[in-house]
Amino acid sequence: MFTHKPIELGYDLVAETTEKGRVYKTPEGKSYPSITTMLGYFSKTAIMAWRKKVGAEEANRISRKAAGQGTRIHNIAEDYINNKADYLKEDEMPHILAMWKPLKKVLDEHLGKIVLQECPLYSHYLKLAGRVDLVAEFDGKLSIVDFKTSRRIKTRKMCEGYFMQAAAYAIMFEERTKIPITQLVIAMTVENESKPLLFVEKRDDWAPVLIEKRDKFYKSLE
């Protein structure tokens, strides 16, 4: 059983999908792009090249499958952390169970007090917003914890966007609560792999490159 000691943020964010991606409207009336929209701007070229290489039909199939798996794993993790007895369906698909097992092991071995789960965050400093998977103690240290699924094993270099995303959540959280978070955790479960990928990073190693990307993104909108 996980212990929950939630922080009340006292607000919600209204999100909408526009031509330029997902946008959140803050309680102060400002509209900020999501961190995933901002980071996605820099991967458009690579994605288009991949779609051209495999073909539109195959690309769509892979994308749908990945999105479905990612959503289901996230939902299972959320229910499990919320201590729900029925966090798994009776007819859960075998490949989902196989991908969930490594992630469950990470949660059982490392996760402590739960502070926030699936909560909207935003930053006037970054001019970005988003929804964090989890803010919790990880090996006893308050951390941003983000869950990822993948079709293949990824290197640390391939995950830099994830680290920037988590760094953004840490900055947003501190701005909203005045509580600093310096540890970032990416827990990734991979298809057909029994062991999870676990990356533990420092926020301040990724904040500068995040801000550089943010500046380039906003310049592209001018």
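Key figures for this structure:
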| quantity | calculated |
| --- | --- |
| Hull shadow area, averaged, region 77-170 [alpha-carbon convex hull, nm²] | 7.2 |
| Residue pairs, from the table LYS5/LYS148; LYS20/LYS141; LYS113/LYS219, whose Cα atoms sit over 29 Å apart | LYS20/LYS141; LYS113/LYS219 |
| Difference of contour (0.36 nm per residue) and Cα-Cα distance, ARG64 to THR177 | 37.1 nm |
| Compactness of region 137-222 - radius of gyration and Dmax, Cα, Å | 14.2, 46 |
| Highest-first arrangement of 73-85, 184-196, where packing means the average Cβ count within 10 Å | 184-196, 73-85 |
| Separation of the LYS113 and LYS20 label points, Cα + 7 Å toward Cβ, nm | 4.0 |
| Projected label distance in nm at LYS101 and ASP204, using a 7 Å step from Cα toward the beta-carbon | 4.1 |
| Relative contact order [Cα under 8 Å, 6+ residues apart], region 128-222, whole percent | 27 |
| Compactness relative to 2.2 N^0.38 Å, alpha carbon Rg of region 183-222 | 1.71 |
| Over 30 Å between alpha carbons, listed pairs LYS65/LYS195; LYS53/LYS101; LYS30/LYS104; LYS30/LYS105 | LYS53/LYS101; LYS30/LYS104; LYS30/LYS105 |
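Read the figures in this text as sums done on the coordinates, not as results from a lab. Being a predicted model, the structure only gives us computed values, none of them experimental. A quick note on method: Cβ atoms are made from the backbone with ideal geometry, for glycine too, and the neighbour counts reach across all protein chains shown.
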